[in-house]
Amino acid sequence: MPDGRVNHHLKGESCVHVVVTPCRDEVSLVRNLVKTMSKQTVRPDSWVIVLHNYPDSSIRELEEETLGSDWISLHRVDDNSTRRRGAQIARIVNFGISHFPQDWDFLSKIDSDVELPVDYFESILSEFSDSQDLGIASGTCYVLEGGRKIVEKVSDDHTRGALKTYRRKCFEDIGGIAEVNGWDGIDNIKAQMNGWTTKNFPKIQVKHSRRTGAYSGLLRGCFEAGQFSFSMRYYPPYIFARSIHRMISKPIIIGGVSMLAGYFHAYFSGHSSSCDKETIEYLRLKQKNRISFWIRESH
């Protein structure tokens, strides 16, 4: 590790931190992430980059970019499929995890379209050090639009899919990453059910190159979010409230309408549930409590 870097440890003990990144064929974004990852004050011990359906020319570019960095490894997945959110991403992430040694203590899933501040992992690991019941953590994403910084706000206990870090024991308790739609919400719920705290930290801010779910277009992202909500069997009044709230963000009105359309499309298409009964009951109870809180706050 270069001079000046902080040895990563928890409560005075060394820990092994590994990172996996699933990538589309977007070399410029991955190259930028390599630069921000290499500058971390607490650099990962191992970083696996999974290249999904990458052409040979793009792979050669990234091989040159990571040459000499023995802590970074590139792995290719070719399945000729169109890149989608949800279960497919989880499968790619699990493929990357399978290439790590078994002795890691913390695992981070970091998307390729983010720019990490130099102290990102130092800050996240510090939060784990301060809270022994913290099972999954993330920073908070923001985008720049028209020179204006827009924070992508989520509930306090929802860790961002682009920036997840798991404590090993929590990861084992939840059975790892489930290869289902909505996996990055289900893992939070399962962790909480097992007594762990999950949290995103607004003070640890990470630049996102585009709004969450916007790779295939914002409307498509909203539609998919609605589909995933049905797969997780959201409490119906909650998805209605969430859709209405979504209408005040870009794209105004039609984003929330698209989310509802995705939910009903999944309903009438008979999409199977991605959660077991116990997880659904726990999730719905949380959503009912959140609605009750909103009602109290509005009076």
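To the nearest µm²/s, what D does Stokes-Einstein give for the chain at 20 °C and 1.002 mPa s, using the Kirkwood radius over alpha carbon pairs as Rh?
Calculated translational D: 107 µm²/s.
Which number do you get for Rg(Cα) / (2.2 N^0.38 Å) in segment 70-147?
Working: Rg = 15.5 Å, N = 78, 2.2 N^0.38 = 11.5 Å.
After normalising by residue count via 2.2 N^0.38 Å, the value is 1.35.
Measure nothing fancy, just the Cα-based angle from helix 183-193's long axis to the longest principal axis of the chain, in degrees from 0 to 90, nearest 10.
For 183-193 against the chain, the angle is about 80 degrees.
Among 239, 33, 171, which residue has its Cα furthest toward the positive end of the charge dipole of the chain, with +1 on Lys/Arg Cβ and -1 on Asp/Glu Cβ?
Result: 239, furthest along the dipole toward the positive end.
Subtract the Cα-Cα distance of residue 103 and residue 220 from 0.36 nm times their separation in residues, and report this length gain in nm to one decimal. Before the final figure, lay out each step's value.
Values: separation 117, 0.36 × 117 = 42.12 nm, distance 3.92 nm.
Length gained between residue 103 and residue 220: 38.2 nm.
Segment 218-294: percent of C-alpha pairs farther apart than 19 Å?
For segment 218-294, the share of Cα pairs beyond 19 Å comes to 35 percent.
Count charges around residue 46 for me, please; just the other residues with Cβ under 15 Å from its Cβ, Lys/Arg as +1, Asp/Glu as -1. Please list the in-between numbers first.
On the way: positive: 43, 109, 168; negative: 45, 70, 103, 105.
Surrounding charge for residue 46 is -1.
What is the angle, in °, between the Cα long axis of helix 254-269 and the longest principal axis of the Cα atoms in the chain? Nearest 10 is fine, range 0 to 90.
The angle comes out near 80 degrees.
Expressed as a whole percent, how much of the Cα-Cα distance distribution for segment 129-227 exceeds 15 Å?
Details: 3098 of 4851 pairs.
Looking at segment 129-227, the distances longer than 15 Å represent 64 percent of pairs.
How are the alpha carbon pair distances in segment 14-110 distributed across 10 Å bins from zero to the largest one, expressed in percent?
Result, from short to long distances: 15, 50, 31, 4, 0 percent.
When ligands, DNA and RNA are left out and all protein chains stay put, how many square angstrom of accessible area per residue does segment 43-87 have with a 1.4 Å probe? The partial results should precede the final answer.
On the way: 2360 Å² over 45 residues.
Using a 1.4 Å probe on heavy atoms only, each residue of segment 43-87 averages 52 Å².
Placing +1 at every Lys and Arg Cβ and -1 at every Asp and Glu Cβ, with all other atoms neutral, what dipole size does segment 26-87 have around its Cα centre, in debye to the nearest 20?
Roughly 360 debye, rounded to the nearest 20.
So if I place +1 on the C-beta of Lys and Arg and -1 on the C-beta of Asp and Glu, and nothing else carries charge, what would the dipole magnitude of segment 73-155 be about its Cα centre? I want it in debye, nearest 20.
Numbers: 9 positive and 14 negative charges, 116 e Å.
For this selection, approximately 560 debye.
Quick one: pull the percent of accessible area on the chain belonging to carbon and sulfur, 1.4 Å probe, ligands and nucleic acids left out. Present the calculation step by step, with values, prior to reporting the outcome.
Details: 7220 of 14310 Å².
So the carbon and sulfur contribution to the accessible surface is 50 percent.
Within segment 174-299, how many Lys pairs that are eight or more residues apart, or on different chains, come under 18 Å at the alpha-carbon?
Lysine pairs meeting both conditions in segment 174-299 amount to 7.
I'd like to check one number: the per residue accessible area of segment 151-271, probe 1.4 Å, reported in Å² as a whole number.
Details: 5400 Å² over 121 residues.
Dividing the accessible area of segment 151-271 by its residue count gives 45 Å².
Rg to Rh ratio, segment 67-217, alpha-carbon atoms and Kirkwood radius?
0.95
The values are calculated or read from the model by the stated rules, or taken from the named source; none is laboratory data. Keep in mind it's a predicted model, so treat the numbers as computed, not measured. Here the Cβ is made from the backbone with ideal geometry for all residues, glycine too, and neighbour counts use every protein chain on show. Ligands, DNA and RNA are stripped out before the accessible areas are found, and what is left, the full protein with its side chains, is counted by its heavy atoms. Shrake-Rupley method; radii C 1.70, N 1.55, O 1.52, S 1.80 Å.
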